[in-house]
Structures are given as C-alpha cells and as structure tokens.
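Here is the structure we will look at.
Laboratory data are not the source of any read-out in this text; all were calculated from the coordinates shown. Every value quoted in this text rests on a predicted model; they were computed, and no experiment measured them. Glycine also receives a Cβ, built like all others from the backbone with ideal geometry; neighbour counts cover every protein chain displayed.
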Amino acid sequence: MTTSHPAPSRAPERPAPAAPAGSSATGGLSGVTDAAALTGLKTLTQYYVVTAFLALFIGVMLGPLQALNYGGVNVYEYPLLKALIRSYYQGLTLHGVLNALVFTQFFISGWLLYLPLRELTQAGGARPNLRFAWFTYVLMTAGLLTAAVPLLSNDATVLYTFYPPLEGSPVFYIGAGVMVAASLLVAGQVVWTWLAWKRAHPGRVTPVVTYMSVATWLMWAVAALGLVVEVVVMLIPWSLGLTRGVDPLLARTLFWWTGHPIVYFWLLPAYVSWYAFLPRQAGGRMASEGLTRLSFAMFLVFSVPVGLHHQYADPNVQSSWKVIHMFLTFLVAVPSLLTAFSVAASLEDAARARGGRGVVGWMRRLPWGNASVTAQVLAMVSFIFGGAGGIVNASIAFAPVVHNTAWIPGHFHITVGTATTLTFMGVAFWLVPHLTGKRLFAPRAALASAWLWFGGMMLFALGMHWQGLAGVPRRAQVSASAQQAAYDAMNLGVPRALTALSGVILLVAGLTFFTVLFRTLLSARRDNPEDTAIPVSDTISPAGASLTAATPLVRHTEPLLALTLLALILVALVYGPVIAPMLANYQAVPGQRLW
Ligand code: HEM
Ligand SMILES: [Cu+2]
C-alpha cells in the first residue's frame, strides 16, 4: 500500500498511543521537564544508533571482498587494498569485530535503553538519569576507539573470537573489555530504573516493552560474566606479560559461556520489535502478552548454560556434559518457536484485517510497500532457515560435518547477519525519523535495499552452506591457497559463483541502505515529528495493569530477579563440573603471533 512513506503511524489510521496497553492510566507526558528529559534521551539514542551504523558501514564494506575470496577471486594483492589492510585476516578481524560486536552492542544499548526508560517515564516513573546514560555512552565509545588502534595497526589480528594462544596487543583486550563493561552499565541503569518504578507502583504489571528489555539485559548480565572473567583475569595480565601463559581450553570455555548467549543478546532486541511494534506497523495486534513474557522468561533462564555446543571438538571435556549442553540448547529453541508462531499470528491478524484471505494467501495483504515492515518480515523469513541450520550445528552427531567449515559463516549471516541486522535496518527506517524528526530519504530505495539484502544473503547462505558441505574450511584465504588442486577436486564451480555473485548484490544492498540512512540523517529538513511516533501495538490478549487480577502466567513471569537467580544456579550446575577440572589442571601456554 503506502509506497511513499514508510512511517509507522501510516499503517493503522489512528494516532499512535504513547504508552502500551496496561499503563494507559498514566500515559502521556506528565510535564515539561519530562518532555525535556525525553528529548535528551532521544539525542543520546541517536548517538548510539549512528555509532552503530558507522561501524556496520565499515564492517559491511569488507564483506564483499571476503565473499569474492570464497568465490575463488583473490583481491587482496591489489596495491590500493594493501595500503588499507595488511592481510585477509586483518580485514576479517575488522569485519567480525565491527559487525558482530560493535554494531550490535551499540545499537542494542541505544534501543533497549531508550524504549524502557521512555516507557517507564510515561508510566509514571522518575525522570531518566541522563548524566549516567551519557557517561556510559562515552565510556563505551572510549573502549571502542582504544580497541580500534591495535586493530587498525594490525597488532590485534586475532579475529573476533580472540582465541588464545593467539596473542594480540593488550590495548585491544583493554579496549574491548571496557566496551563490554559499559554495556553492563546500560543493563544496570535499565534494571535500576525498573526496580525504582516497581517500588513506586507496587502490584502493577511491568509494561511489556520494559519487561522484554529488562529480561534481555538480565540475561546479558549473566552471559557476559564468562567473557569479562576471561578478559580481565586471563587475557589482560597475560598480554601485559604479567603471567607466563594462558590455558586455551579454559579461555575458550569462558568465551563460549558468553559466546552462545550473545546470539540471544543479538536476537531478543529484534524480537522486541517483532512482538511489540511490527504488528502495529503491519496493521495488526500483538497476539498474547502472556506468551510474549513467557518466551522472554525462558530466554533469561535457558540461554546461558549451553556453550559447550561450540566445543564438541575440544578435548578434555566430558562427553556427558557436552550432551547435557546439547539438550539444553534444544530447550532454548522452544521460546524461538513460540516467537515464530506468535509473530506469524499477529501478522496474519494484520493481513486479514486488511482483507487477506486463504491459508497462505493472506500474506499478500501485508503492507509490502512499507520498507520497515518488509525488511523485518524478510528478516523473519531468513531466520526460519537460520534456526533450522542452528539445530544441525548444535547436534553432536552432525556438528563434526559442518564444524569450522564455510557452512558456519553461511549460517550466521542469515541469523545475526540478516535476522538481526535486517530487522535493525528496518527499525532504523522509523526510529531514525522518530529520533531526529527528519523524513526518511527515498523510501523506495529503502525498500529496494531490504529486498537486495535479503536476496543477497539467501544466495550467500546457499553458496557458503554448499561449500561447507564440500569441505571448504572457514577463516581461510582459499583464493590464495597454494593447494588449489585440493579445491579443484571439490567441484566448487556453482557454489563459488553463487557466493561471489552474492557479494556483489550485498555491496549494492549495503550502499543503497547507507545512502538512505546517511541522507536521512544529513538532511536539513525537520518536518512533522508527530508523524513518527513509536508504533506500539495493541494486544489481542493483554496482561492488564494489576498483578492480582492477572493470569498465573503473567504473575509467575513477573519476578525477573528471581528468574535471574534461577539462571545463575543452572549455569553453576552445568559449568561448575566442567570448569573445576580445568582450574585444577591449568595448562599455561605461551602466546603466539601468527600474522
Ligand atoms: C555485505 C554483507 C556481508 C558479506 C558479503 C559478508 C561476508 C562474509 C564472509 C565471506 C565471511 C567468511 C570469512 C571467512 O570465514 O574467512 C564473513 C565472516 C563473518 N561475518 Fe560477514 N558478511 C557480510 C555482513 C555481515 C554482517 C551484517 C555481520 C553481522 C552483523 C557479519 C558478521 C560476520 C562474522 C562475525 C564473521 C566471522 C569472522 C570470523 O570468522 O572471524 N557479516 N562475512
Ligand atoms: Cu551457540
């Protein structure tokens, strides 16, 4: 329908409410100072979002070069490129760190700070502490800039997983550590503000967007412990020369304590949009608030104790623990399936309200002309394939077939690289106008960028999964290998061509998207800021405002701190017996610099 302007409030023709169902009693701005605080919060959020997309821009520009590598074309000998990056692996480190760590963390910090603080202020909470929020942003950015120095000078070409005994400059570990620590301050501020609201409003049900945000941040706080301990206790002293070596197995185990749940830290903020905003944008309603809360409560409890599914190939970890982590991994698939069905139901609700008919025919009636909706629906479609592949990766019987092959990057470009990234792009199409009061530049180009990204990533995934099954390793400059005969024997013609082509499509997609984004940001016109209100959805089955009147599901999912304690206990149970023998048998290995 609307091809001219994908602003969210266009989909349903009614004024967008400021507060969601359940907190309407105190909805609306309560005074001038609150309005000023929210304006300040908007500016801060804009900084987070713009920093995030600047990182993504640089990261994404490196991707097509890697896709060409997997297409058999080596571009890394060109003098112009050589002047910018020293090697394939320096480029790959920058790509992984900027896209997977920096883009995601900055976007999520802005997104899941703004939404709950704003919702709670409007639900009668205190004004947000902007000073603290700015302090956190500055700290996070300082960490990023610190880590950028050794990354750019080729002194930390350790890839985004920085497995020891690969040893990078201490400046990298310190900068990365500060950046991650800053995300915990965002978590702290959101949880703190929520607790203050709860004290001031006893017996009230937490508004749903705040609920989802607090659950995500609490999950991340439990998840980040592993990485923080690895970096602070092991890697920083070791890279400074204070300890003589580091235990690679223990470091990897701590890394994956964080490294698996980090994927939920990337996904849940996208789910927030799919549950709370996308239905409204498409002209429908959220299905059930109780189910929404249940799936976030399950993510909080079950996301972390699963990391060994990345270590099936590691020695000196008992197989029984690997199998236990595998079953727990399958358990986390449950809330993802809940999400898939709930969100599909709300989209169907939207499409039928717009006259859609038939078992699948209703899909045609989604507002495909709206770039924000289209990007997010396509992101969800890609996640169907990504999630299915994830089950394969997590299965101890299949994992050896795909482990460390091109299949793996094929997999995570349709999960974090599309389900998350394309959702955030789609969100940016309304969020940036909302934050800046500027109109989205070239909505048709925005729509085209979403389709190109989706199509490009689907081709990329096909090419890379295929190559992985043929046995092509990941993290390898295959186009410059001295053993080309080995690759020739694999019959890679078709998947290589698909991968190279996808790189070109994704370059066009990226350039189109960033043109839309930066032209929107740089435009001087600020017209009609009212047009870009937050598209909060109504709910078919709401939770209500009062805990005593709420369903048992709502009541039992409300105590998020108790659920966090449960998560910590579960993590201690399934990681304690794995880590204890590693500590007892610590193997100090000296560092290596292979680049
Ligand atoms: C233009 C779009 C993109 C293209 C063409 C692209 C291409 C690639 C390729 C070919 C690899 C494999 C390199 C190897 O294993 O040697 C790779 C790795 C990776 N990509 Fe992308 N990518 C793109 C966007 C993204 C996005 C949006 C994200 C995340 C938000 C992302 C995250 C990663 C990560 C984490 C790695 C792994 C790095 C490593 O193994 O150390 N990429 N990319
Ligand atoms: Cu995992």
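Under 14 Å from the Cβ of residue 192, count the other residues' Cβ atoms, weight Lys and Arg +1, Asp and Glu -1, and hand me the total.
Numbers: positive: 127, 131, 198, 199; negative: none.
Surrounding charge for residue 192 is +4.
Across the chain, where is the longest run that never hits GluC sites (Glu not before Pro) in a DSSP loop with at most 11 other C-beta atoms within 10 Å?
With GluC sites (Glu not before Pro) excluded where exposed in loops, the chain gives 78-595 as its longest stretch.
Based only on other Cβ atoms within 10 Å, what is the fewest-to-most ordering of 536, 209?
On the way: 536 23, 209 26.
Fewest-to-most Cβ neighbours within 10 Å comes out as 536, 209.
Need one number: nm distance between label points at residue 585 and residue 87, each 7 Å from Cα along Cα→Cβ, rounded to one decimal.
Going from the residue 585 label point to the residue 87 one covers 3.2 nm.
Give the angle, between 0 and 90 degrees and rounded to the nearest 10, that separates the Cα long axis of helix 248-259 from the longest principal axis of the Cα atoms of the chain.
The two axes meet at around 20 degrees.
Please give the FRET efficiency for residue 149 paired with residue 360, using the beta carbon to beta carbon distance and R0 = 60 Å, rounded to the nearest 0.05.
So, using R0 = 60 Å, E works out to roughly 0.70.
Local charge sum around residue 546 (other residues, Cβ-Cβ under 12 Å, Lys/Arg +1, Asp/Glu -1)?
Here the count lands on +1.
So what's the angle, to the nearest 10 degrees on a 0 to 90 scale, between helix 170-200 and the longest Cα principal axis of the chain?
For 170-200 against the chain, the angle is about 20 degrees.
Please work out whether segment 428-552 counts as rounded, prolate or oblate from its C-alpha gyration tensor, where a ≥ b ≥ c are the square roots of the eigenvalues and a/c under 1.5 means rounded, while otherwise a/b larger than b/c means prolate and anything else oblate?
Cα axes put segment 428-552 in the oblate bin.
Of 372, 403, 323, which is farthest on the positive side of the dipole of segment 19-584, counting Cα position, with +1 on Lys and Arg Cβ, -1 on Asp and Glu Cβ, and the Cα centre as origin?
372
Going by C-beta contacts inside 10 Å, put 457, 380 in order with the fewest on the left.
Going from sparsest to densest Cβ surroundings: 380, 457.
Taking Cα atoms, how many degrees apart are the long axis of helix 130-152 and the longest axis of the chain, rounded to 10 and kept between 0 and 90?
Between helix and principal axis, roughly 20 degrees.
Excluding residue 287 itself, calculate the net charge of residues whose Cβ lies under 10 Å from the Cβ of residue 287, where each Lys or Arg counts +1 and each Asp or Glu counts -1. Could the numbers behind the result be given before it?
On the way: positive: 285; negative: 289, 348, 349.
Result for the neighbourhood of residue 287: -2.
Going toward the positive end of the dipole of the chain, with +1 on Lys and Arg Cβ and -1 on Asp and Glu Cβ, which of 116, 255, 584 do you reach last?
116
Measuring from the lowest to the highest alpha carbon on each principal axis, how far does segment 19-584 reach, largest first, in angstroms?
Extents along the principal axes: 69, 55, 46 Å.
How many nm is it between the label spots at residue 595 and residue 522, if each spot is 7 Å from the Cα in line with the beta carbon?
3.0 nm
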